[in-house]
Every structure is written in C-alpha cells, then in structure tokens.
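The values are calculated or read from the model by the stated rules, or taken from the named source; none is laboratory data. Please read these numbers as outputs of a predicted model, since none were measured by experiment. FYI the Cβ positions are ideal-geometry reconstructions off the backbone, even for glycines, and counts take in every protein chain you see. These accessible areas exclude ligands, DNA and RNA; they are computed on the full protein's heavy atoms, side chains included. Shrake-Rupley method; radii C 1.70, N 1.55, O 1.52, S 1.80 Å.
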Amino acid sequence: QVQLVESGGGLVQAGGSLTLSCAASGSIPGIRSMGWYRQAPGKQRELVAITSSGGSTNYADSVKGRFTLSRDNAKNTVHLQMNTLKPEDTAVYYCRTISFSNTDYWGQGTQVTVSS
C-alpha cells in the first residue's frame, strides 16, 4: 500500500515562510513525478510545483521566485520551501506522485493559512 505523509502546514503572517514536506512510502514502482498542488475554497485544485525524475521542475507562475521545490530521490521525499507568503496562498496543499506505471497517488492534504 502506498502512503504519502505530508507535514509542515500551519498559520503564518503575510511575508513569512513555511516548508511543506511529503514522504512516500510503500510499494511504489518507481516515481516519475512528485510535487504539490493546492485548492483554495471555491476554487479548482491547481499545480503549485512538480518535479520529474529527469530533474526538471515546473512552477505555477503565481509562485515563481517565491517557492522552491526540492526532491530527495533516495528517500522518495519532496520539500516545498515557501517564502514571502501572501494571503492568496491560503489553501489546502496536496502532495502528488505519479509512478512510471502512471499510477496517481495523492496525500490527504495539509492546510496553509496566510494572514494579512
């Protein structure tokens, strides 16, 4: 059974920083992509940042220059460093992995709240 364990969410003031972590465990037949999505109230889930096994990373335009995604392939872990947080970053953040067999896994979500 595959499990994604997320940590690091919380409440922070605008301009502050948070780091989200996601660790994948279980029988994952190789991870092709791993990253974070978010969903704000009343909005669709959207990409924040995702990295592939080849090392490329895609960021949403809204977070470029503020968020940094790093990946530890040996530990099947990703970390999302979020700096200069804005109230509009408030959302539930979900970890996502896609295996080489194109199986999709999602975490349970962690709340990030940025106060103005």
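Solvent exposure of the chain, expressed per residue, is 51 Å² of accessible area, with all protein chains present and a 1.4 angstrom probe.
Look at where the Cα atoms of segment 1-24 and of segment 68-116 average out, and the two centres are 7 Å apart. Heavy atoms only, probe 1.4 Å: what % of the accessible area of the chain goes to carbon and sulfur, would you let me know? Here carbon and sulfur together make up 46 percent of the probe-accessible area.
With contacts taken as Cα pairs under 8 Å and at least 6 residues apart, the chain reaches a relative contact order of 36 percent.
Restricting segment 23-79 to trypsin sites (Lys or Arg not before Pro) that sit in a DSSP loop and have at most 13 other Cβ atoms within 10 Å of their own Cβ leaves 43, 64.
Look at the alpha carbon pairs under 8 Å that are at least 6 residues apart: their mean separation over the length of segment 48-116 gives a relative contact order of 22 percent.
With only Cα atoms counted, segment 26-116 has Rg and Dmax values of 13.3, 43 Å. Coupling constants for segment 104-116 follow from the phi torsions by the Karplus curve (6.51 cos²θ - 1.76 cosθ + 1.60, θ = phi - 60°), and in residue order they are 9, 10, 10, x, 7, x, 9, 7, 10, 10, 10, 8, 8 Hz; glycine and proline get x.
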